[in-house]
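J.: Here you go, one structure.
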Amino acid sequence: MSLFLTLIAGLAACVASKDSESVALPVDDECTGSDESRCTVALLQNRLQTRLLVSAGWVELIEGAECPSTGAITCERVGAWRHFKFPAGEFTVSRQVSVPEHTIIEGNANPNGQDKTKTPDYDSQTVFVASEGLSDSHACYCQNLERSWEPLSPSNPYHCQDLTNEQVTSLRKGFLMYSNTVVKNIAFQGKDTLRPFDNGALCGGGVFETPGCVHNQCLFPHLMTGDGKPATNVAIENVRLNDYSNNPELASQLAVWVAQTSDTETPTSEVHVKNLVAMFLHADGINFHGFVRNAIVDDSYIQNTGDDIYAVWGSNFDSKGIVFQNSVAVDAGRARQNHYGSCVAVYGATEATFRNLTCFAPEQNTVDCYDAKDDGDTCNGCLGIIKESFDADYSNSVFTFTGNKFYSLKRTETNGRQIYDLTNPQNIGRPEVCNNEWTRGGLRIIED
């Protein structure tokens, strides 16, 4: 009996190290009779092996050119497409994984129910888990200036100047989506504990990214993710982020990052995000950055971010055909104590539509918002904010806000975890859209 208990304790310790759901025996697995101890250990070992698939082999399958079926991961080739299907289980992500053209990654089941705030039964889910996370606030991440809003000078140097593409790949654990790719029916758990200073002027770190420049203005041509070229036809559907761990400090930088590329003539296009749920993020929710065309976010839910939740950062590019619709945003900026963040933010674009969005916002931070202009309206002063920063150009721009709802937030905190009550919402009484910066004409804002 002592050997049996020792084995069980060892297995339990391995399971506990997963820092999430306990691993229970399936209800249809039974051990009876004189060999019950050995049978129980075997079942636990089998279940643990199924749940904790940490081998890097799955990465090689995805990044390769072939379509093999290996163990529980199957692959079917349909024309030019490879369709990988993953079982329920936990898969370790030790770096940014490239998803080549014409590749589909499909997990075991949709992790999001009708109530998107409800944690799923993770025993039936395909979960990708970062092997480790960023915890150094001074880490070299983007090679931004220490004060990105000021020019380079001896008193305002770059955070660092020795960043490599290998380091970038290691830091940004998630999926790099090339053209004609799909990821659906998965969950992801990031393990970053903070947003580094060098990512203050955002340069990425999304669970899902498209190739492009590492620096948000493409200042360092040698630094890029993947081939750095614009992608088209990217689909992200039925994904859930950052509520697999019991540690409330662990998350990703952001959910989706469309990176600016050095190609000023070709947009990243046809990026479709549907039924994405993110329960905690250190930076933005979804950010379409640079030259982007025909991108849509639909039926999504994002809460507890460190910055804006749904953002278009087109600068002076002719970005248009961008739609955010039928989605919910809750508590923008909470992860940085409401020092910056809005449910919707625009930093330059030609055209975008924000339709049927529901925004739950805390009190406007009029005291110590990082951008103190206009009583800190960038700290939840409005549902949507139009900003002139980052070389934004609105000389021929149209933004449509229709069918949106703007409510006061009811929030409590328990053991470091945010708890939101979204029932019986009350109108917040603040403007739907604020534009207190662009005064040079050409900008039309359509509100219903």
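J.: When only C-alpha pairs under 8 Å and at least 6 residues apart count, what is the relative contact order of segment 127-168, in percent?
T.: Details: 26 pairs, mean separation 14.9, N = 42.
35 percent.
J.: Further question on the same structure: Taking the Cα centre of the chain as origin, sum charge times position over the Cβ atoms of Lys and Arg (+1) and Asp and Glu (-1), and report the length of that vector in debye to the nearest 20.
T.: Value, rounded to 20: 340 debye.
J.: Express in nm, to one decimal, how much length is gained between residue 421 and residue 227 on full extension, taking 0.36 nm for each residue of separation and deducting their alpha carbon distance. Before the final figure, lay out the partial values.
T.: Values: separation 194, 0.36 × 194 = 69.84 nm, distance 4.37 nm.
Full extension of this stretch gives 65.5 nm more.
J.: How do 405, 320, 118 rank by accessible surface area computed with a 1.4 Å probe, from largest to smallest? If you can, show how the numbers build up before the last one.
T.: Working: 405 105, 320 75, 118 140 Å².
The most accessible residue leads, giving 118, 405, 320.
J.: Ignoring ligands, DNA and RNA, please state the percent of accessible area on segment 163-250 from carbon and sulfur, probe 1.4 Å. Could the numbers behind the result be given before it?
T.: Working: 1280 of 2580 Å².
Heavy-atom surface of segment 163-250 belonging to carbon and sulfur, 1.4 Å probe: 50 percent.
J.: Can you list the residues, at least 5 places off or on another chain, whose amide H is less than 5 Å from the amide H of residue 358, using H built in the peptide plane?
T.: 327, 328, 329, 405
J.: Connecting C-alpha atoms closer than 10 Å in a GNM of the chain, tell me which of 215, 138, 272 has the biggest fluctuation.
T.: Highest fluctuation of the listed residues: 138.
J.: If the viscosity is 1.567 mPa s and the temperature 4 °C, what Stokes-Einstein diffusion coefficient in µm²/s follows for segment 91-168 when Rh is the Kirkwood radius over Cα pairs?
T.: Calculated translational D: 77 µm²/s.
J.: Let me ask something else. Could you list the chymotrypsin sites (Phe, Trp or Tyr not before Pro) in segment 176-241 that lie in coil according to DSSP, counting only those with at most 13 other Cβ atoms within 10 Å of their Cβ? Mind dumping the intermediate values first?
T.: Values: sites: 178, 188, 197, 208; in loops: 178.
Counting only loop positions with at most 13 other Cβ atoms within 10 Å, none of the chymotrypsin sites (Phe, Trp or Tyr not before Pro) in segment 176-241 qualifies.
J.: Something else now. Select from 290, 378, 303 the residue farthest towards the positive end of the dipole of the chain; place +1 on Cβ of Lys and Arg, -1 on Cβ of Asp and Glu, and compute about the Cα centre.
T.: Towards the positive end, the residue furthest out is 303.
J.: With θ set to phi - 60°, apply the Karplus curve 6.51 cos²θ - 1.76 cosθ + 1.60 along segment 291-308 and write out the HN-Hα couplings as whole Hz, x wherever there is a Gly or Pro.
T.: So the J values, rounded to whole Hz, are 8, 10, 10, 6, 10, 9, 10, 9, 6, 10, 9, 9, 9, 6, 9, x, 6, 4.
J.: Can you tell me how much longer the chain between residue 101 and residue 263 gets when fully stretched, taken as 0.36 nm per residue apart minus their C-alpha distance, in nm with one decimal?
T.: Difference between extended and current length: 56.4 nm.
J.: Short version: ³J(HN,Hα) in whole Hz for each residue of segment 66-79, in order, from phi by Karplus 6.51 cos²θ - 1.76 cosθ + 1.60 (θ = phi - 60°), x for Gly and Pro, what are they?
T.: Rounded to whole hertz, the list is 8, 10, x, 9, 10, x, 7, 8, 10, 9, 10, 9, 10, x.
J.: What is the helix-to-structure angle for 2-16, meaning the angle in degrees between its Cα long axis and the longest Cα principal axis of the chain, kept from 0 to 90 and rounded to the nearest 10?
T.: It works out to around 10 degrees.
J.: Which order do 224, 279 take by accessible area at a 1.4 Å probe, largest first?
T.: 224, 279
J.: Also, quick follow-up: Ordering 159, 282 by accessible area with a probe of 1.4 Å, largest first, what comes out?
T.: 159, 282
J.: Pick from 276, 422, 250: which residue has the top mean-square fluctuation in a GNM of the chain where Cα pairs under 10 Å get a spring?
T.: 422
J.: Another question about this same structure. Nearest 10 degrees, 0 to 90: what angle lies between the long axis of helix 36-51 and the longest principal axis of the chain (Cα atoms)?
T.: 30 degrees
J.: Under a 5 Å amide H to amide H cut-off, with H placed in plane at 1.01 Å, what residues pair with residue 228 once short-range neighbours are removed?
T.: Those qualifying (amide H under 5 Å, at least 5 residues apart or on another chain) are 212.
J.: Turning to a different aspect of this structure: Measure up 118/373; 229/405; 229/320; 320/405; 118/320 against 29 Å on the Cα-Cα distance and list the ones that go over.
T.: From 118/373; 229/405; 229/320; 320/405; 118/320, over 29 Å: 118/373; 229/405; 118/320.
J.: Across every pair of different alpha-carbon atoms, what Kirkwood hydrodynamic radius in Å does segment 210-369 reach? Don't jump to the answer; show the numbers that get you there.
T.: Values: mean 1/r = 0.0631 Å⁻¹.
Taking every pair of different Cα atoms in segment 210-369, averaging 1/r and inverting gives 15.8 Å.
J.: Report the antiparallel proportion of the DSSP beta bridges in the chain as a percent, rounded to a multiple of 5.
T.: Once the DSSP bridges in the chain are tallied, antiparallel ones form about 15 percent.
J.: How high is the relative contact order of segment 110-232, given as a whole-number percent (alpha carbon pairs under 8 Å, six or more residues apart)?
T.: Details: 192 pairs, mean separation 38.4, N = 123.
Taking the mean separation of contacting Cα pairs over the length of segment 110-232, I get 31 percent.
J.: Assigning unit charges at the beta carbon (Lys, Arg +1; Asp, Glu -1) and nothing else, what dipole magnitude in debye, to the nearest 20, does segment 101-246 show about its Cα centre?
T.: That gives segment 101-246 a dipole magnitude of about 220 debye.
J.: Okay, moving on. Pairs of Cα atoms under 8 Å, at least six residues apart: use those to get the relative contact order of the chain, whole percent.
T.: Contact order relative to length: 9 percent.
J.: How big is segment 299-409 in terms of Cα radius of gyration and Dmax, in angstroms?
T.: My reading of the Cα-based Rg and Dmax gives 13.2, 36 Å.
J.: Quick one: among 70, 423, 358, which has the greatest mean-square fluctuation in a GNM of the chain with alpha-carbon springs under 10 angstrom?
T.: 423
J.: Compute the semi-axes of the equivalent ellipsoid of the chain, taking the square root of 5 times each eigenvalue of the Cα gyration tensor, and list them largest first in whole Å.
T.: Gyration-tensor ellipsoid for the chain: 39, 25, 21 Å.
J.: Please name which of 152, 181, 142 has its Cα lying farthest along the dipole of segment 48-200 towards the positive end, using unit charges on Cβ (Lys, Arg +1; Asp, Glu -1) and the Cα centre as origin.
T.: Of the options given, the answer is 181.
J.: Quick query: amide H of residue 128 versus all other amide H atoms, modeled in the peptide plane; which residues come in under 5 Å with a sequence gap of 5 or more or a different chain?
T.: For residue 128, the qualifying residues are 91, 187, 188, 189.
J.: For segment 210-298, run through the GluC sites (Glu not before Pro) and keep only the ones in DSSP coil with at most 13 other Cβ atoms within 10 Å of their Cβ.
T.: Taking segment 210-298 and a limit of 13 other Cβ atoms within 10 Å, the loop GluC sites (Glu not before Pro) found are 265.
J.: Also, quick follow-up: Report ³J(HN,Hα) in whole Hz for each residue of segment 209-219, in order, from the Karplus equation J = 6.51 cos²θ - 1.76 cosθ + 1.60 where θ = phi - 60°; Gly and Pro get x.
T.: The phi angles translate into 10, 10, x, x, 6, 6, 6, 6, 10, 6, 6 Hz.
J.: Measuring with a 1.4 Å probe in the full set of protein chains, what accessible area per residue, in whole Å², belongs to segment 375-438?
T.: Result: 47 Å² per residue.
J.: Per residue, how much accessible area does segment 90-242 have with a 1.4 Å probe, in Å²?
T.: 38 Å²
J.: Please calculate how many Å² of accessible area segment 305-356 carries per residue, with a 1.4 Å probe and no DNA, RNA or ligand atoms counted. Kindly include the intermediate steps, with their values, before the conclusion.
T.: Numbers: 1110 Å² over 52 residues.
In whole numbers, segment 305-356 has 21 Å² accessible per residue.
J.: Expressed in nm to one decimal, what extension gain is obtained for the pair residue 247 and residue 446 from 0.36 nm per residue of sequence separation less their Cα-Cα distance?
T.: This chain segment gains 67.4 nm when fully extended.
J.: I need the P(r) histogram for segment 384-448: all alpha carbon pairs, bin width 5 Å from 0 out to the longest distance, whole percents.
T.: All Cα pairs, binned at 5 Å, distribute as 4, 13, 18, 16, 13, 12, 11, 9, 4, 1 percent.
The values are calculated or read from the model by the stated rules, or taken from the named source; none is laboratory data. What you are looking at is a predicted structure, and each value in this text was computed from that prediction instead of being measured. Every residue, glycine among them, receives a Cβ derived from its backbone with ideal geometry; neighbour counts consider all protein chains shown. For the accessible areas, the whole protein counts, side chains as well, though only heavy atoms, and no ligand, DNA or RNA atoms are used. Shrake-Rupley method; radii C 1.70, N 1.55, O 1.52, S 1.80 Å.
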